[in-house]
Amino acid sequence: MSPLLTPEALSRLLDEHGGALVLFAAQWTDSPDDCVQEAFIELTRQIELPRCITAWLYRVARNKAISMSRSAWRRRRHETLAGTLVPAWTCEEDRPPVEKEELAAALQSLDEGLREVIVARIWGGLNFEQISEVVGASISTAHRRYEAGLKALRERLKLPCPIKTATCPK
């Protein structure tokens with residue numbers, strides 16, 4: 001913490017300006033409290049205090065809020081795009097229509113270990129060696145989780161198996 005900024009001074013600044021800063025940051029983001037908190041943390045890291053602390057806090061909270069807003073927009077755009085891609089584990093001619101929300105709910109209902117492998121493989125494009133590094137398991141374990149996750153998704157979504165095998169007759 002900056003030696004010039006005592007805990008009492010920081011508390012006073014938060015009491016005096018915290019509410020208004022949250023309201024100010026809310027213009028750009030759904031998480032204004034986080035932006036204000038980060039602005040105060042940034043203030044404590046300053047070696048030299050800004051000439052006008054209040055204006056500095058507003059500027060930093062604004063910049064953080066705009067940055068958070070842009071990140072949220074990029075994330076939503078990416079998720080929307082990923083949701084429109086046809087997953088590799090279905091066949092177009094066999095696949096009944098599945099709504100994005102239904103697919104998202106089915107994915108969410110999977111065990112975390114299965115879900116992370118499915119998402120990393122299908123939407124992330126990782127191979128099983130890369131997935132094994134990410135999840136900290138062997139390649140064969142990553143592959144088994146992938147197969148189990150696909151099977152669970154097919155069952156939840158009532159999709160036919162795309163490949164004729166002994167364990168999954170068409």
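The values are calculated or read from the model by the stated rules, or taken from the named source; none is laboratory data. Just so it is clear, the model here is predicted, and its values are computed rather than measured. With ideal geometry, Cβ positions are generated from the backbone for all residues, glycine too; neighbour counts draw on all protein chains shown.
Points worth noting:
- Those residues of the range 37-80 which are over 24 Å from the mean Cα position of the chain (by Cα), within 17 Å of residue 6 (Cβ to Cβ) and either exposed (fewer than 11 other Cβ atoms within 10 Å of the Cβ) or among the aliphatic types (A, V, I, L, M) (or both), in sequence order: 43, 45, 47, 48, 49, 53, 57
- So residue 14, is it in contact (Cβ under 8 Å) with a residue 24 or more places away in the chain, assigned by TED's automatic domain parsing to the domain that holds residue 70 and crowded, with 17+ Cβ neighbours inside 10 Å: no
- Number of residues in the range 114-128 that are of a type in the set (Asp, Glu) and either crowded, with 20+ Cβ neighbours inside 10 Å or more than 16 Å from residue 147 (Cβ to Cβ) (or both): the value is 0.
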